[in-house]
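Structure, as structure tokens:
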Amino acid sequence: MAGIGADRLHLYWVSSAEAHRFAEIAATVTGSIKDQGPFDADAHAMSLSAAEETLKGEVLRWLVGKEVRVTTKGDVYGRPWDKDTYESILDSVLEREYQMNLILEAVKGGSAAPRDIRENTGLELGRISYLLADMEKRSMVAFQGMEDSNPVFAAL
């Protein structure tokens, strides 16, 4: 989602009793990273910052914390949720949170108008406008006025 490449992210569960497996995984990961070359953190600074804010957010903590309860006992109305449905919703919410944080990073970086935000984020203009409205409600950004018939926003 952040555009850093799925091949750069490696997640494994390893027990302390699995030293041989750990060594194999470490060699595989090291080889993969060497093959890909150095990671240009500066080129991905905005995406990484948005991803970090998304991962630190309350929405993610709440959703992850409720997953077992909702998928085993149901929601507050007692309706059962299967794991795939819950994870699909979790993915959608995380994408939305990430996009809002990406927009916020762009605004903090000086992109005040939706078209400027589009240039710096790659998001569609309609999506940016939709999310800016929600971001105003959440006091993330504030509408500052119009400039050459374009709305201008500032980070709060």
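Derivation of every value follows stated rules applied to the coordinates shown; laboratory data play no part. Given the structure is predicted, the values throughout are model-derived calculations rather than measurements. Neighbour counts run over all protein chains shown; Cβ positions are idealised from the backbone, glycine included.
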Dividing the mean separation of Cα pairs under 8 Å (6+ apart) by the residue count of the chain yields a relative contact order in percent of 16
FRET efficiency for Asp42 and Val93 from the Cβ-Cβ distance with R0 = 35 Å, rounded to 0.05, comes out at 0.75
Burial-style ranking of 106-118, 139-151, average other-beta-carbon count within 10 Å with highest first, yields 106-118, 139-151
FRET efficiency for Lys66 and Asp7 from the Cβ-Cβ distance with R0 = 22 Å, rounded to 0.05, comes out at 0.10
What helix-only [θ] at 222 nm does the chain give? Using -39500 (n - 2.57) per DSSP H run of at least 4, over all residues, to the nearest 500, the answer is -19500 deg cm²/dmol
Contour minus Cα-Cα span, Lys34 to Asn150, at 0.36 nm per residue, comes to 37.2 nm
Quick shape check on the chain: root eigenvalues a ≥ b ≥ c of the Cα gyration tensor, a/c under 1.5 is rounded, otherwise prolate if a/b tops b/c, else oblate, and it reads oblate
Rounded to whole angstrom, the alpha-carbon centroid of the stretch 10-36 lies from that of the stretch 77-156 at a distance of 36
Going through Lys34/Lys66; Lys73/Lys137; Lys66/Lys137; Lys83/Lys108 one by one, the pairs whose alpha carbons sit over 28 Å apart turn out to be Lys34/Lys66; Lys73/Lys137; Lys83/Lys108
